[in-house]
Structure formats: C-alpha cells, structure tokens
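Below is one structure; the comments refer to it alone.
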Amino acid sequence: MVLLSKRSISIEPLSRKKSIARGVWITISISALSILLATILALLAALGRLSKFPPFYAICTFYVSLIRGTPLYLQIFFFFLALPQVGIILPGLWAGVLALGLNYGAYMSEIFRAGLSSVGKGQREAALAIGMTPGQTMSRIVIPQALRFAIPPTGNEFIAMLKDSALVSATGFVHELMWRATKVGRAQFHNLEALITAAVFYWVMTLVFSYFQGRLEARMSRGER
Amino acid sequence: MLPIIKITNLDKFFGRLQVLKKISLEIYPQEVVCIIGRSGAGKSTLLRCINYLEEPSCGDIEVDGVCISAGKKGKDLRELIHELRLRSGMVFQEFNLFPHMTVLENVMEGPVTVKKMDKASAVKIAEMNLERVGMIIKKDEYPNRISGGQKQRVAIARALAMEPKVMLFDEPTSALDPELIGEVLTVMKSLAREGTTMLVVTHEMEFACDVASRVIVIHDGELVEQGAPADLLNHPQNVHTQALLERYRAGKSPQVEA
Ligand SMILES: Nc1ncnc2c1ncn2[C@@H]1O[C@H](COP(=O)(O)OP(=O)(O)O)[C@@H](O)[C@H]1O
Ligand SMILES: [Mg+2]
C-alpha cells in the first residue's frame, strides 16, 4: 500500500512540491468555477426573492432555506455519494463545483438582495421615464449598481471558497491542494512539512487574491454614490 | 390648436386616500405652466400620472395624440405607456442621475438603449444637449463629482436628449442649496424662450411670475384656480390660493406644513 503510493507520488522533495502545486491549480479552478456558478445562482435567487411572481419567489426561497439549513459537508457528499446511487454520476470536479456553487449561491443571494435593494426607487423611475422597459431598467441601471455594491463581499466569499474547496478533498475524488498535501504527507511520513507547504500555498493564494480584490474595488468605486 | 397634454377627469387613489379629484387640464404647445400648491396637495402625483409612473384610478391621459384611459390592461397598455413616456421628459427633485455612468453616458443612455441609436449619433445628441444646459465641460465626470445644480442640469439634458414633446419638472430646485437654484432656473428660462412646452411644479414664485404663461393651483387634490401669473398672483380669487400666497409672502416654505 505504502509502496504503491510511493511509486505514484514520488519521494523527491521537488516532486512533492510539484504535486502540491498541481493541487493549487485544481483548487483555483474549483473555486473560480464555483464562484461563477454561485454568482449566477445568487443573482437569480436574489431577483426571485424580490419577485412578485409567486412560483419564482417560492422556488428561490426554498433553495436558499434548504441550503442554509444543512451542512456544506453533507451537501458535498450528497453530490459525490448520494447522486450516483440514483444513477447520476458526475465527474469529481463537477460534483465539487456544483456542491460549492449551490452552497455559496444561497449565501451570496443575501449579498445580491441587499445590493438590489440598495438601488433607490428614483433610479428605476428615472430609467422608466426616459422610456426604458422594465428589463432594460434592470440590466442597464439596477443590476450594474447592485453588482458594484456586491463586489467587495463577493471577493470575501471567493477567499472563503478557496479554503472551503478543501472540503471536497474529503471525498477523495478530487485531487486538489488539501488532498495532495495529506497524501504526500502520509506517503512520506512528512505530514508536518506537507501541511505547512499546503498552508503556505493557501495563504499566498488568498494574499494574491486580496491584492487584486483591492485593485478591483478601487476601480469599481468610480462614480460612487 | 391641439393640446400637447390633455387630462380628463383624472382621479387617483392610494388605497382609500383620494389624492387627485376630477382633474381636467390642457397644456398647449409652447406653454409654460407652473403648478403650485402646498406639500401633499397631489402635485407630484399629477405629474407622475402624466407618464404613468403612477397609474390613474380614473380618467384619461393624452399626450401628443397618445391616449390612455384608466383601467386599460395587457400588452396594449405596455406599448401605450411606452409611447406616452417617449413623448414626455421628466426632471425629478432628486436628480436621479445614474451614478455608474459619466455625465455624457447619462445623456446618451436614452438614445442608445431606448431609441437604439448608434453610438456616434448618440454622442452628438448628448453633447448638443449638454451644451444647451452648459454642462459640456463636465461630460467625462461621474455624477458624484459635480454639484447639485450641475446634476440637475445634466438631468435636464438627459430628458431633452429624447426629444420629448413636453418637459415635466417636479420641484427641480427644491433639493438644491439656495446658491445653486439660480443656474437651474436660468437653464429652464432658456428652454422656455426656445419654445419648449413645460409643466413645472415649483415653489419659486419669481420664476412662475416671470416665465409662466399660466399658473395652476392644486389644493387637496383639486384644481382650485388657474390663470395668467399676473392675475392669479396679484388677485387670487380662491381662498386656498390666497392662503398659499400669504404663506409665500411671509417667507415661509409651504413644505413645512404637511
Ligand atoms: N405611493 C404612495 N402611496 C401612498 N400615498 C402616497 C403615495 N404617494 C403619495 N402619496 C400621498 O399622496 C398625497 C399627495 O402626494 P404628492 O403628490 O407627493 O404631493 P405633493 O407633490 O403636492 O407634495 C400625500 O398625502 C402623500 O402622502
Ligand atoms: Mg411633490
């Protein structure tokens, strides 16, 4: 067993780092795809919860309530273990993205809802008064302002996501950063080094991302208020 | 001559509260009509019914030949409302400029999004209208970087860019610091001189006196008196008009009293 692992994951320190580094890339991919899915779901759910169309409102409220009322850990296993039982087998990465995206979408819908409500009634009326349709008013006037409001907290969600993506390693199907760190550590009896390496990678990723988040916010704040 | 705006027997209820009572009113081309009345009288509601930001409970609204009778429903109504809104330009007390767009983009938004005009033509129209209100030098600024008076002038340009048949102003200077009121009134005066048809809710009696062709008094949702400014302001017949003018003369804002 140990030998097998040793063969598949090389002993040299350089390769160990390489293996972990490949995990970084997978972690970033999972996080980026998940946050994209989450953003779309969050916007839909926020629109739904502000909607006067009862079925849309009901579905969105149910989604948010269900996701917020159950552990993320359970949701992840649901996609990896429960769905295959009924014949739905998703590739590991996509199951992880779906689970994380759905989960974060529910939480982020609150951010978007606040963003949408932050756009005053006067903005809508000014748009309608120049002849814009309700749809144009939404897409040209309300949503851009809501997004601007929502970007800083969304950045925080992304950072949280980088770290929460480690949870999908628990399923053993997605070989992202955390999974690799524990595997390498166990294979080489260097848990301390492997975990510290992983920690450094996580930390650096969040630092780099925070930097870009700051720049984006500065850019977005043009014409604030 | 056909009226640009023709309001017939307009009623508006908010729940059980009747805010407008059987208002009938005609505005003719090139007229500048000022609406006065104390706060809560229903002046804003009247203006907002004209472009269906509020839906009338009863009565007809006609702007430049497009007529909507209260109670109309369905897809037809949506198209008619759109037609109605294209014919009037609205200027709000709170400016309501789009904060995420530059001054120029604010004015281009209508032509581009609503009229599907190409960018170059829209820029041309926007710049021409910014010129009219004296705001061309600030065209690349964002709204948070200009003063209230400048914002209101941009808002006027934004409405003008749609080439409406009539401009509706709802207390355009009420949110402004006193020293900024003048520049907005100056722009409005120049529009009046150019022959723009205007319906203006205002507490600026001097403006009404100098510029209006007609003054209308609204009290508790009723049109109680109207006439040429010289007659109406100097010889008010209705008791409510008299009381209102008395308050102005005493230098009190009628807004304090709800
Ligand atoms: N959306 C609304 N819902 C309920 N009541 C309203 C609404 N808008 C205005 N009103 C009421 O209608 C009356 C007239 O308001 P408004 O037209 O704004 O008056 P004015 O512009 O003359 O000050 C006021 O009593 C106000 O409280
Ligand atoms: Mg008002």
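Residue A:100 fails exactly one of the following numbered conditions: (1) open to solvent by less than 30 Å² (accessible area, probe 1.4 Å); (2) of a type outside the set (Val, Ile, Thr); (3) without any contact (Cβ under 8 Å) to a residue 12 or more places away in the chain; (4) in a helix (DSSP H, G or I). What is the number of that condition?
Residue A:100 satisfies all of (1) open to solvent by less than 30 Å² (accessible area, probe 1.4 Å); (2) of a type outside the set (Val, Ile, Thr); (3) without any contact (Cβ under 8 Å) to a residue 12 or more places away in the chain; (4) in a helix (DSSP H, G or I) except (3).
In the list A:163, A:121, which residue meets the criterion of being open to solvent by 40 Å² or more (accessible area, probe 1.4 Å) and under 21 Å from residue A:205 (Cα atoms)?
That would be A:163, the only listed residue that is open to solvent by 40 Å² or more (accessible area, probe 1.4 Å) and under 21 Å from residue A:205 (Cα atoms).
When both residues are 6+ apart or on different chains and their Cβ atoms are under 6 Å apart, which pairs have a first residue that lies in region B:18-41 and is hydroxyl-bearing (Ser, Thr, Tyr), and a second that is within 12 Å of ligand 1 (Cβ to nearest atom)?
The qualifying pairs are B:39/B:255; B:39/B:258.
Name the residue, out of B:107, B:154, B:166, B:114, that is surrounded by fewer than 21 Cβ atoms within 10 Å (Cβ to Cβ) and within 13 Å of chain A (Cβ to nearest Cβ).
Answer to the check: B:114.
Each row is one residue, and each column tells you yes or no for (1) away from ligand 1 (no atom under 16 Å from the Cβ); (2) away from chain A (no Cβ under 14 Å); (3) closer than 30 Å to residue A:146 by Cα.
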| site | (1), (2), (3) |
| --- | --- |
| B:11 | no, yes, no |
| B:18 | no, yes, no |
| B:50 | no, no, yes |
| B:84 | yes, no, yes |
| B:87 | yes, no, yes |
| B:98 | yes, no, yes |
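Is it the case that region B:122-138 has a residue that's part of a helix (DSSP H, G or I), surrounded by 21 or more Cβ atoms within 10 Å (Cβ to Cβ) and touching a Phe, Trp or Tyr at 6+ places or on another chain (Cβ under 9 Å)?
Looking through region B:122-138, none of the residues is part of a helix (DSSP H, G or I), surrounded by 21 or more Cβ atoms within 10 Å (Cβ to Cβ) and touching a Phe, Trp or Tyr at 6+ places or on another chain (Cβ under 9 Å).
State all residues of region A:188-203 that are assigned to a helix (DSSP H, G or I) and open to solvent by 10 Å² or more (accessible area, probe 1.4 Å); if no residue qualifies, say none.
A:188, A:191, A:192, A:193, A:195, A:196, A:197, A:199, A:200, A:201, A:202, A:203
Taking residue B:38 and the conditions (1) within 16 Å of ligand 2 (Cβ to nearest atom); (2) of a type in the set (Lys, Arg); (3) modelled with pLDDT of 95 or more; (4) surrounded by fewer than 22 Cβ atoms within 10 Å (Cβ to Cβ), which numbered condition does it fall short on, given that it satisfies the others?
(3)
Give me the residue from region B:169-187 that is of a type in the set (Asp, Glu) and away from chain A (no Cβ under 14 Å) and, out of that set, nearest to ligand 1 (Cβ to nearest atom).
So, considering only residues that are of a type in the set (Asp, Glu) and away from chain A (no Cβ under 14 Å), the one nearest to ligand 1 (Cβ to nearest atom) is B:177.
Conditions: (1) away from every other protein chain (no Cβ under 14 Å); (2) surrounded by fewer than 16 Cβ atoms within 10 Å (Cβ to Cβ). Residue A:90 meets all but one. Number of the miss?
Going through (1) away from every other protein chain (no Cβ under 14 Å); (2) surrounded by fewer than 16 Cβ atoms within 10 Å (Cβ to Cβ) one by one, residue A:90 breaks only (2).
Out of curiosity, is residue B:59 more than 15 Å from the chain's Cα centre (by Cα), more than 22 Å from residue B:164 (Cα to Cα) and away from ligand 1 (no atom under 14 Å from the Cβ)?
Yes: the conditions hold for residue B:59.
How many residues, within region A:128-183, are within 14 Å of chain B (Cβ to nearest Cβ) and assigned to a helix (DSSP H, G or I)?
Qualifying residue count, region A:128-183: 20.
Keeping to region B:21-43, report how many residues are away from ligand 1 (no atom under 11 Å from the Cβ) and either out of contact with any helix residue (DSSP H, G or I) (no Cβ under 7 Å at 6 or more places or on another chain) or assigned to a loop (DSSP other than H, G, I, E, B) (or both).
Counting residues in region B:21-43 that are away from ligand 1 (no atom under 11 Å from the Cβ) and either out of contact with any helix residue (DSSP H, G or I) (no Cβ under 7 Å at 6 or more places or on another chain) or assigned to a loop (DSSP other than H, G, I, E, B) (or both) gives 11.
Residues in region B:125-136: is at least one within 11 Å of chain A (Cβ to nearest Cβ), touching a Leu at 6+ places or on another chain (Cβ under 9 Å), closer than 16 Å to residue B:163 by Cα and at pLDDT 95 or above?
Within region B:125-136, none of the residues are within 11 Å of chain A (Cβ to nearest Cβ), touching a Leu at 6+ places or on another chain (Cβ under 9 Å), closer than 16 Å to residue B:163 by Cα and at pLDDT 95 or above.
Might you let me know whether region B:54-63 holds any residue that is surrounded by fewer than 20 Cβ atoms within 10 Å (Cβ to Cβ), within 30 Å of residue B:189 (Cβ to Cβ) and within 16 Å of ligand 2 (Cβ to nearest atom)?
The answer is yes; a qualifying residue exists.
Take the conditions on the phi > 0 side of the Ramachandran plot, surrounded by fewer than 21 Cβ atoms within 10 Å (Cβ to Cβ) and in contact with a Lys or Arg (Cβ under 9 Å, 6 or more places away or on another chain) and apply them to residue B:74. Does it pass?
no
Just the residues that are at pLDDT 90 or above and open to solvent by 80 Å² or more (accessible area, probe 1.4 Å), please, taken from region A:54-73.
A:54, A:57, A:59, A:62, A:66, A:68 - these are the residues of region A:54-73 that are at pLDDT 90 or above and open to solvent by 80 Å² or more (accessible area, probe 1.4 Å).
The values are calculated or read from the model by the stated rules, or taken from the named source; none is laboratory data. Since the model is a prediction, treat every value here as computed from it, not as a measurement. Quick reminder, even Gly has a Cβ in these numbers, built from the backbone with ideal geometry, and neighbours come from all protein chains shown. Each accessible area value is taken on the protein alone, full model and side chains, heavy atoms only, with ligands, DNA and RNA left out. Shrake-Rupley method; radii C 1.70, N 1.55, O 1.52, S 1.80 Å.
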